[in-house]
Amino acid sequence: MGKVKVGVIGTGMIGLGCHIPGYLSIPDECEVAWVCDLLDEPLKDASALAAGAKTTKDYRDLLNDPEVVAVSVAVPNLSHEKLTIEALQAGKHVLCEKPLAMNAQEARAMCKAAKDAGKILQVALQMRFGGGARFAREFIDAGHLGDVHYARAQALRRRGVPGWGVFIDKAQQGGGPLIDIGVHILDLTLFLMGYPQPVSATAQTWDTLGRDPSLYNGMGDYDRAKFTVEDMAVGMIRFKDGSVVVLESSFMANIKDEQFRTEIMGTKAGILVKGGGEDPVEIYTEQDRQLFDLKPRNVPEVPSSHTAEVQAFVHAVAEGSPSPVPGEQGLVLNAIFDAMYRSAATGKEQSVDASV
Ligand SMILES: NC(=O)c1ccc[n+]([C@@H]2O[C@H](COP(=O)([O-])OP(=O)(O)OC[C@H]3O[C@@H](n4cnc5c(N)ncnc54)[C@H](O)[C@@H]3O)[C@@H](O)[C@H]2O)c1
């Protein structure tokens, strides 16, 4: 196979900032053949970055190009299902932004389309490509934690409602911080735990801070009257193997510092994996009745987990290997969020249906 020719649909924040640079980082292996956006400015920016790429406002142009073998779907959540399914049916492999869909029903249809087409559907969940995550996964797989029974996952911002895009609009996003950033830390957590099968979830959500026009926001301005998502969600998820995850996520919360971390606790040791920073991994263990906090020194350095994710996609396409982040795992996450939102609405624990 020659170079993998790709099209990028949606050249806003993530399409322009991560997908295109990811493809451009391996020029010998792939080529950005098309960039597509509904708006002039993002399209202009994308065309400047991916020199030589054709531009269009109609994604069907690139789906109709037989030379394009793979596409990025980097548009708001509302359009993930439609564009992904059309791309798969056009015979393209798809790297779809997170969350895979607005809900499990859509995610299920996307997984089915990928299976029917025999194409790769990869969910853009980049945290698992980070150096700390890779190390932690190997450490856990080697059995060093013993039996993993509990994890505490946090994606908490103090004042971080995205001021761009449609992140405050439930109709276009499906939800707030839970589905937007909770998805990252929950994916990392479940990836480290070996993606156990979820059974039920209970949760609560709030929106008081997000709707308050008197409050500061650190990520740009937005119209408080149009804020229809939650500003914070917390919940507990039960898994078939008896393990439990507590998940906290917020765009706004009265806490000291932003937290992006997961702590996995097993019968022999625990491990903390952070989203970034100097020491992304810590291990908590005991030997001879002495407690140890360990900091691994040779964690692999991954300059950009986004770039690593895009490269993994291109390699899977070129080699015909399975999806590096299968659609079915995106479906698990959506099914969990569906149950959490239902639980918040009803005040009762809800079952999780992640069946394909
Ligand atoms: N992986 C991450 O860390 C990460 C970070 C930010 C956003 N995202 C995800 O990426 C997606 C987009 O978010 P964003 O921040 O880039 O938003 P954005 O608003 O900056 O960009 C989205 C772009 O898609 C374009 N668009 C919408 N519908 C289109 C269509 N039918 N055809 C062509 N273009 C279309 C819009 O004009 C816009 O330019 C969301 O699903 C979001 O959850 C992921």
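The values are calculated or read from the model by the stated rules, or taken from the named source; none is laboratory data. Note that the structure is a prediction, hence the values are computed from the model and not measured. Virtual Cβ from ideal backbone geometry, glycine too; neighbours counted across all protein chains shown. These accessible areas exclude ligands, DNA and RNA; they are computed on the full protein's heavy atoms, side chains included. Shrake-Rupley method; radii C 1.70, N 1.55, O 1.52, S 1.80 Å.
Go through Thr346, Thr285 and list them by solvent-accessible area, largest first, probe radius 1.4 Å.
Working: Thr346 75, Thr285 40 Å².
Listed by decreasing accessible area, they come as Thr346, Thr285.
Keeping every protein chain present and rolling a 1.4 Å probe, give me the accessible area per residue for segment 191-278 in Å². Before the final figure, lay out each step's value.
Details: 4320 Å² over 88 residues.
Accessible area per residue, segment 191-278: 49 Å².
Hey, could you pull the Cα Rg and Dmax for segment 287-326, both in Å?
Gyration radius and largest Cα-Cα distance of segment 287-326: 17.4, 51 Å.
For segment 89-216, rounded, prolate or oblate, judged on the Cα gyration tensor with a ≥ b ≥ c (square roots of eigenvalues), a/c < 1.5 rounded, else prolate if a/b > b/c? The partial results should precede the final answer.
Details: a/c = 1.91, a/b = 1.14, b/c = 1.68.
Oblate, since a/c reaches 1.5 and b/c is not below a/b.
Highest mean first, what order results for 100-110, 253-263 on Cβ atoms within 10 Å? Provide the component values of the computation, followed by the final result.
Numbers: 100-110: 23.9, 253-263: 16.5.
The densest-packed peptide leads the list: 100-110, 253-263.
Using 5 Å bins from zero, what percent of all Cα-Cα pairs in segment 220-356 falls into each bin?
2, 7, 11, 13, 16, 18, 16, 10, 5, 1, 0, 0
Find how much the distance from Gln287 to Met219 grows on full extension, using 0.36 nm per residue of separation minus their present alpha carbon separation; answer in nm with one decimal.
Length gained, Gln287 through Met219: 20.0 nm.
Between Rg and the Kirkwood Rh of the chain, both from Cα atoms, what is the Rg to Rh ratio?
Taking Rg over the Kirkwood Rh, I get 0.97.
Would you please put 329-336, 135-142 in order of how densely packed they are, using the mean number of other Cβ atoms within 10 angstrom per residue and starting with the highest?
Numbers: 329-336: 25.6, 135-142: 16.6.
Highest-to-lowest ranking by the protection proxy: 329-336, 135-142.
Could you list log10 I(q)/I(0) for segment 299-356 at q = 0.14, 0.20, 0.22 Å⁻¹, which the Debye formula gives when each Cα is one point scatterer?
Results for segment 299-356 at q = 0.14, 0.20, 0.22 Å⁻¹ read -0.60, -0.79, -0.84.
Once all Cα-Cα distances of segment 1-42 are split into 10 Å bins that start at 0, what whole-number percent is in each one?
31, 51, 16, 1
Would you please classify the overall shape of segment 222-283 from the alpha carbon gyration tensor, given that a ≥ b ≥ c denote the square roots of the eigenvalues, rounded means a/c under 1.5, and beyond that prolate means a/b larger than b/c while oblate covers the rest? Don't skip to the answer; put the middle values down first.
Values: a/c = 3.74, a/b = 1.54, b/c = 2.43.
Here segment 222-283 falls in the oblate category.
How much accessible area per residue does segment 42-163 have, counting only protein heavy atoms and a probe of 1.4 Å, in square angstrom?
Numbers: 4910 Å² over 122 residues.
Using a 1.4 Å probe on heavy atoms only, each residue of segment 42-163 averages 40 Å².
Show me 337-345, 201-209 ranked by packing, highest mean number of other Cβ atoms within 10 Å first. Before the final figure, lay out each step's value.
Details: 337-345: 22.3, 201-209: 18.7.
The packing order, highest mean first, is 337-345, 201-209.
Using a 1.4 Å probe on the protein chains only, how many percent of the accessible area of the chain belongs to carbon and sulfur? Write out the running numbers ahead of the final one.
Numbers: 7900 of 15930 Å².
Here it works out to 50 percent.
Show me the three semi-axes of the equivalent ellipsoid for segment 1-138, from the C-alpha gyration tensor (sqrt of 5 times each eigenvalue), largest first, rounded to whole Å.
Numbers: eigenvalues 93, 73, 48 Å².
After scaling each eigenvalue by five and taking roots: 22, 19, 15 Å.
How big is D for segment 26-66, in µm² s⁻¹ as a whole number, if Stokes-Einstein is applied with the Kirkwood radius of its Cα pairs at 25 °C and 0.890 mPa s?
Working: Rh = 10.6 Å.
Translational D for this selection: 231 µm²/s.
Which distance in nm do the two modelled labels at Ser79 and Lys57 give, with both placed 7 Å along the Cα-to-Cβ direction?
Label at Ser79, label at Lys57, 1.2 nm between them.
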